[in-house]
């Protein structure tokens, strides 16, 4: 259930005006072939750096991306720029069916937030992607507003994970609470876990020179 007009009135006026004047927002459960290809180009370009900067696979293949765009269990939020002939500026991929997306463990969320889980009020945010040309604009805020529109007024949870590389570059862990407050839906951040990636490099030979 989207939140009320009374809550919307609490937006910071400048932010609300910026979002409404420039961006158009579209929410879909299934995308056509041409829009899928348009968004694939946005996704692939915005995520390309993670192919070499992250030690694990962060970027969907073309086939995986296309499958998600056709999966009606997964919501695709698209922000378009009125000033650029409604070209795509940002994309988020989110679902409250935790079996539909590969990242979350449904059992974990069912144990920790049983009521929210039973009522479909846990939304897993798989991707928030902004076209490079729109870095530093309010596209992320426009995407966040779409996501918050999905959260039930009785409460709920938006969970996500992101690489340390991306958090250092874009500060999502700090930005999301600030945007939520500005959009009239203050939140309490809860850190769930962390993963650390190691490699053990072995020198050529038998390594006897390392044994002292």
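A few comments on the model shown:
- Being modelled with pLDDT under 95 and either within 30 Å of residue 118 (Cβ to Cβ) or not in a strand (DSSP E or B) (or both) is a property that residue 17 has.
- Qualifying residue in segment 144-152 (condition: assigned to a helix (DSSP H, G or I), over 13 Å from the mean Cα position of the chain (by Cα) and under 29 Å from residue 52 (Cα atoms)): no
This table checks each residue for (1) in contact with a helix residue (DSSP H, G or I) (Cβ under 6 Å, 6 or more places away or on another chain); (2) under 22 Å from residue 25 (Cα atoms).
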{"site": "40", "(1), (2)": "yes, yes"}
{"site": "48", "(1), (2)": "no, no"}
{"site": "52", "(1), (2)": "no, no"}
{"site": "72", "(1), (2)": "no, yes"}
{"site": "76", "(1), (2)": "no, yes"}
{"site": "87", "(1), (2)": "no, yes"}
{"site": "111", "(1), (2)": "no, no"}
{"site": "120", "(1), (2)": "no, no"}
{"site": "138", "(1), (2)": "yes, yes"}
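- The set of residues from segment 42-58 being modelled with pLDDT of 90 or more and part of a loop (DSSP other than H, G, I, E, B) comprises just one member, 48.
- Hits in segment 111-133 (condition: at pLDDT below 95 and part of a helix (DSSP H, G or I)): 132, 133
- Among the residues listed as 83, 115, the single one being in contact with a helix residue (DSSP H, G or I) (Cβ under 7 Å, 6 or more places away or on another chain), surrounded by fewer than 16 Cβ atoms within 10 Å (Cβ to Cβ) and more than 25 Å from residue 168 (Cα to Cα): 83
- Filter result for residue 174 (loosely packed, with under 10 Cβ neighbours inside 10 Å, over 19 Å from residue 80 (Cβ atoms) and either at pLDDT below 90 or touching a strand residue (DSSP E or B) at 6+ places or on another chain (Cβ under 9 Å) (or both)): no
The values are calculated or read from the model by the stated rules, or taken from the named source; none is laboratory data. It should be emphasised that the depicted structure is a prediction, and the values quoted were computed from it without experimental measurement. Neighbour counts run over all protein chains shown; Cβ positions are idealised from the backbone, glycine included.
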